[in-house]
Amino acid sequence: MKRLQGKVCIITGSSGGIGKGIAELLAGEGAKVIIADILEEKGHEAVKEITAQGGTASFRKLDVSDGESWQGAVDHAIAAYGRLDILVNNAGIAFSKPIIDMSLQEWRRVMAVNLDGVFLGIKHSVPAMKRNGAQGGAIVNISSNYVFVPGKGQAAYCASKSGVNAVTKVAAIEYAHDHIRVNTIYPGFVDTPMFDQVCSQFGKSKEEMLSIMARTVLLNRVGKPIDIARAVLFLASEDSDFVTGAELTVDGGEVIKRTFYDDMEKLAKEAAGAH
Ligand code: NAD
């Protein structure tokens, strides 16, 4: 028996990158997936690929920052498949600028997609999941390990992703009685179009950047969409029946390496200076 047989799920930002990886894995486990994204052409391509593999998928245009657009996506799930069981709030945008150079409009755009998108997704999906009675539902929100190791230029991104964790925990408390579990995943660097954007910000080729970033990771490599997808599958399936309000870091040990080794380096320098 497949782990998500008959489950209906909406995955935001799944026309490409991590979201597409999640959609492919969940569809392979028997879920009926709705590819919900602003990118139509790529979304339809993803649907074709999933159906060619024997999965069930459809595309719905969704701007996660728009409440009306969300209601349309949930209505689509009910009309096409009769229910909604799983929501993966994956859509997000990267943005890098020092605080004093950032306009309020730029700050608000990051918040609108990365944080309002998660709030709206939960707000519009929970009523549909409540109709599942004791079967409830599962919501997985994608944050970022930048929350633990913030960098220059990341004020809006880190603030939005920290907010995702707060909303997750409150939603877990509010909807536990409806058998709806809500959890957060913190990915580290993952090789996707968003990662390509980071490479160009640093003026580096992708190969250079992959090698630099791999050195910051305990497991010595940058992540792949499937690494995150496997964690989503766990949190979306019955395997995590007793897990809600939790935070799962999926970064190959990057946060540990950066905090532990940075400290060790400082200590070593201090010790060397003392002699
Ligand atoms: P990506 O840019 O490759 O893909 C993001 C997808 O979201 C795209 O298909 C895009 O069209 C869609 N999208 C953007 N704005 C949208 C909107 N308003 N409404 C609906 N869809 C929208 O990014 P990715 O690397 O696959 O990232 C996926 C998630 O993982 C994001 O939330 C990101 O912040 C997070 N994340 C990524 C990394 C990484 O290194 N790639 C690391 C940590 C966290």
### Query
Straight-line reach from Lys257: which lysines have a Cα under 26 Å away, not including same-chain ones fewer than 8 places off?
Lys97, Lys152, Lys161, Lys204, Lys206, Lys224, Lys266, Lys269
### Query
Taking the alpha-carbon set of the chain, what are its Rg and Dmax in Å?
19.2, 73
### Rough spin-label spacing in nm, given labels placed 7 Å along Cα→Cβ, for Lys123 and His177
2.2
### Task
Determine the gain in length on full extension of the stretch Glu45-Ser96; use 0.36 nm per residue of separation and subtract their C-alpha separation, reporting nm with one decimal.
15.4 nm
### Task
State, as an integer percentage, the relative contact order of region 1-157 based on alpha-carbon contacts under 8 Å between residues 6 or more apart.
24
### Message
Which trypsin sites (Lys or Arg not before Pro) in region 151-205 sit in a loop by DSSP (not H, G, I, E or B) and have at most 15 other Cβ atoms within 10 Å of their own Cβ?
### Response
Lys152, Lys204
### Task
Pop the C-beta distance of Ala80 and Lys206 into the FRET formula with R0 = 35 Å and round what comes out to the nearest 0.05.
0.40
### Query
Rounded to the nearest 500 deg cm²/dmol, what is the calculated helix-only ellipticity per residue at 222 nm for the chain, with -39500 (n - 2.57) per DSSP H run of length n ≥ 4?
-15500 deg cm²/dmol
### Message
Heavy atoms only, 1.4 Å probe, whole protein assembly: order Leu210, Leu104 by accessible area, highest first.
### Response
Leu104, Leu210
### Residues Gln71 and Glu238, FRET efficiency given R0 of 25 Å [Cβ-Cβ distance, rounded to 0.05]
0.30
### Query
Cβ under 10 Å from Asp251's Cβ, Asp251 left aside: what net charge do those residues give with Lys, Arg +1 and Asp, Glu -1?
0
### Query
Just by accessible area at a 1.4 angstrom probe, what is the order of Ser200, Ser15 from largest to smallest?
Ser200, Ser15
### Query
Structure shown: which of Lys2/Lys61; Lys2/Lys32; Lys20/Lys123; Lys32/Lys61; Lys20/Lys42 lie over 20 Å apart, alpha-carbon to alpha-carbon?
Lys2/Lys61; Lys20/Lys123
#### Entry: Ile78 accessible area, assembled protein chains, probe 1.4 Å, Å²
50
### Message
For a Förster distance of 30 Å, can you work out the FRET efficiency between the beta-carbons of Arg131 and Ala52, rounded to the nearest 0.05?
### Response
0.40
## Note on the structure
Heavy-atom accessible area of Phe202, protein chains in place, probe 1.4 angstrom, given in Å² to nearest 10, is 120
### Heavy-atom SASA rank of His76, His177, His44 (probe 1.4 Å, accessible area, largest first)
His177, His44, His76
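The values are calculated or read from the model by the stated rules, or taken from the named source; none is laboratory data. For clarity, every value in this text was computed on a predicted model and none was experimentally measured. FYI the Cβ positions are ideal-geometry reconstructions off the backbone, even for glycines, and counts take in every protein chain you see. When the accessible area is computed, the model is the full protein with side chains, heavy atoms only, and any ligands, DNA or RNA have been set aside. Shrake-Rupley method; radii C 1.70, N 1.55, O 1.52, S 1.80 Å.
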